[in-house]
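S.K.: Pasting in a structure now, in structure tokens, and then I'll have a few things to ask.
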Amino acid sequence: MTWKTSYRSFYYETAPEPDDFALPPAETALLVIDIQNTYLEPKGTPEENARWQPFFERMNRIVIPNTRDLQDWARAQGIEVIHARIACLKEDGRDRSLSQKKPGFNYLLLPKDRADSQIVDAVAPTADEIVVTKTTDSALTGTNLRMILHNMGIKNVIVAGIFTDQCISSSVRSLADESFNVVVVEDCCAAATEALHRHELEVINMIYCHVVSSAEVKAFPSA
């Protein structure tokens with residue numbers, strides 16, 4: 001299967017294959033979302049560590065290496081690499097959105113200068129690459145990223161990062177609503193489980209984005 005036939009939900013099960021498209025470097029950005037130290041830290045108990053082990057393995061074996069490779073490819077092509085991370089401006093997190101104040105997994109108190117809020121070294125920004133800081137799931141809703149993309153003439157956004165069913169999905173939907181062409185790189189993303197990851201890709205594919213592999217995105221024509 002290729003990107004034209006994979007990750008089909010009920011809605012698009014019988015839809016025609018999408019047309020080919022190009023990714024001109026001057027009109028394309030790679031957006032890497034929330035690959036931060038906090039998500040790779042050991043959990044509080046052996047039971048939780050065991051429960052999250054498949055996620056840790058996917059991140060360390062697949063997502064981080066593939067994302068770094070995709071960044072290097074984008075830089076070589078002249079594609080803008082942009083980074084988004086969750087971090088609050090106030091130490092007590094008063095500036096966080098409601099979704100990040102709720103108890104449970106989504107509770108995130110990540111002051112912007114603390115080590116756990118920083119981007120993982122392997123995929124960290126270089127030179128003058130833009131980093132947007134958000135206290136929301138969507139990288140557009142809580143930042144000036146929309147204006148940045150428009151100012152730079154960006155029409156196509158390649159998306160990588162975590163979590164597929166949360167910040168990736170929210171960002172992709174926001175980008176689509178703003179009429180950007182969005183490509184999600186499935187082997188540069190992860191959710192807590194493989195089932196959640198795959199399900200969300202099926203939900204967003206064909207309507208909000210095109211889901212592709214890293215090998216496929218590199219093969220798209222540039223003009």
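S.K.: In nm, give the distance between the simple-model label positions of THR126 and ASP95, each being 7 Å from the Cα along the Cα-to-Cβ direction.
M.R.: The two pseudo-label positions are separated by 3.0 nm.
S.K.: How far, in nm, would the chain grow between LEU40 and ASP19 when pulled straight, counting 0.36 nm per residue and subtracting the alpha carbon separation? Please report the intermediate quantities before stating the final value.
M.R.: Working: separation 21, 0.36 × 21 = 7.56 nm, distance 3.78 nm.
Difference between extended and current length: 3.8 nm.
S.K.: Length gain on complete extension for the stretch ARG198 to MET152, per 0.36 nm per residue less the alpha carbon to alpha carbon distance?
M.R.: Details: separation 46, 0.36 × 46 = 16.56 nm, distance 3.22 nm.
Roughly 13.3 nm would be gained on extension.
S.K.: Across segment 26-43, in residue order, what do the Karplus-derived ³J(HN,Hα) couplings come to in whole Hz, using 6.51 cos²θ - 1.76 cosθ + 1.60 with θ = phi - 60° and x for Gly and Pro?
M.R.: 5, 10, 10, 10, 9, 10, 9, 10, 6, 7, 10, 4, 4, 7, 10, 7, x, 7
S.K.: Between ILE62 and LYS218, what is the FRET efficiency for a Förster distance of 22 Å, r being their Cβ-Cβ separation, to the nearest 0.05? Can you show the working numbers first?
M.R.: Working: r = 16 Å, r/R0 = 0.73.
Step by step, r from the Cβ atoms, then E = 0.85.
S.K.: Could you sort 195-201, 216-222 so that the peptide with the highest average Cβ count within 10 Å comes first and the rest follow in order? Mind dumping the intermediate values first?
M.R.: Details: 195-201: 17.4, 216-222: 15.3.
Output ranking for 195-201, 216-222: 195-201, 216-222.
S.K.: With every protein chain present, what accessible area does TRP3 have (1.4 Å probe, heavy atoms only), rounded to the nearest 10 Å²?
M.R.: In the full protein context, TRP3 sits at about 20 Å².
S.K.: Let me ask something else about it. Report TYR208's accessible area, 1.4 Å probe, all protein chains in place, as a number in Å² to the nearest 10.
M.R.: The accessible area comes out at roughly 60 Å².
S.K.: Next question, about the same structure. Using amide H atoms built in the peptide plane, which far-off residues or other-chain residues are under 5 Å from CYS88 H to H?
M.R.: LEU110, LYS112
S.K.: To continue, here is another question. Using each residue's phi in segment 149-157, evaluate 6.51 cos²θ - 1.76 cosθ + 1.60 at θ = phi - 60° and report the 3J(HN,Hα) Karplus result to the nearest Hz, with x for Gly and Pro.
M.R.: In residue order, the calculated couplings are 4, 5, 4, 8, x, 7, 10, 10, 10 Hz.
S.K.: Now for a different question. Could you give the nm distance between label points at ARG8 and GLU47, where each point is 7 Å from its Cα heading toward the beta carbon?
M.R.: With each label placed 7 Å out from Cα toward Cβ, I get 4.3 nm.
S.K.: List every residue whose amide H lies under 5 Å from the amide H of GLU80, counting only residues 5 or more places away in sequence or on a different chain, with H placed 1.01 Å from N in the peptide plane.
M.R.: Those qualifying (amide H under 5 Å, at least 5 residues apart or on another chain) are THR28, LEU30.
S.K.: Same structure again: Of PHE180, PHE21, which has the most accessible area and how do the rest follow, probe 1.4 Å?
M.R.: Numbers: PHE180 15, PHE21 50 Å².
So, going from the largest accessible area down, we get PHE21, PHE180.
S.K.: Is the C-alpha gyration tensor of segment 98-220 telling us rounded, prolate or oblate? Criteria: a/c under 1.5 is rounded; beyond that, a/b larger than b/c is prolate, otherwise oblate.
M.R.: Details: a/c = 1.42, a/b = 1.16, b/c = 1.23.
It comes out rounded by the Cα gyration axes.
S.K.: A further question follows. Please report the spacing between the Cα centers of segment 153-219 and segment 1-76 in Å, no decimals.
M.R.: Here the two parts' Cα centres lie 7 Å apart.
S.K.: Considering only protein heavy atoms, with the full assembly of protein chains and a 1.4 angstrom probe, order ARG85, ARG75 by accessible area, largest first. Kindly include the intermediate steps, with their values, before the conclusion.
M.R.: Numbers: ARG85 25, ARG75 70 Å².
From most accessible down to least: ARG75, ARG85.
S.K.: Out of residues 5 or more away from SER222 or on other chains, whose amide H comes under 5 Å of its own, with H placed 1.01 Å from N in the peptide plane?
M.R.: Close amide H contacts, sequence-distant or interchain: LEU23.
S.K.: Can you compute 3J(HN,Hα) from phi for each residue in segment 158-163, using the Karplus curve 6.51 cos²θ - 1.76 cosθ + 1.60 with θ = phi - 60°, rounded to whole Hz and x for Gly and Pro?
M.R.: Karplus-based 3J(HN,Hα) across segment 158-163 equals 8, 10, 9, x, 9, 8 Hz.
S.K.: Mind listing which GluC sites (Glu not before Pro) in segment 55-146 are in a DSSP loop and have 15 or fewer other Cβ atoms within 10 Å?
M.R.: Numbers: sites: GLU57, GLU80, GLU91, GLU129; in loops: GLU91, GLU129.
The qualifying sites are GLU91, GLU129.
The values are calculated or read from the model by the stated rules, or taken from the named source; none is laboratory data. For clarity, every value in this text was computed on a predicted model and none was experimentally measured. With ideal geometry, Cβ positions are generated from the backbone for all residues, glycine too; neighbour counts draw on all protein chains shown. Heads up: the accessible areas ignore ligands, DNA and RNA and are worked out on the full protein's heavy atoms, side chains in. Shrake-Rupley method; radii C 1.70, N 1.55, O 1.52, S 1.80 Å.
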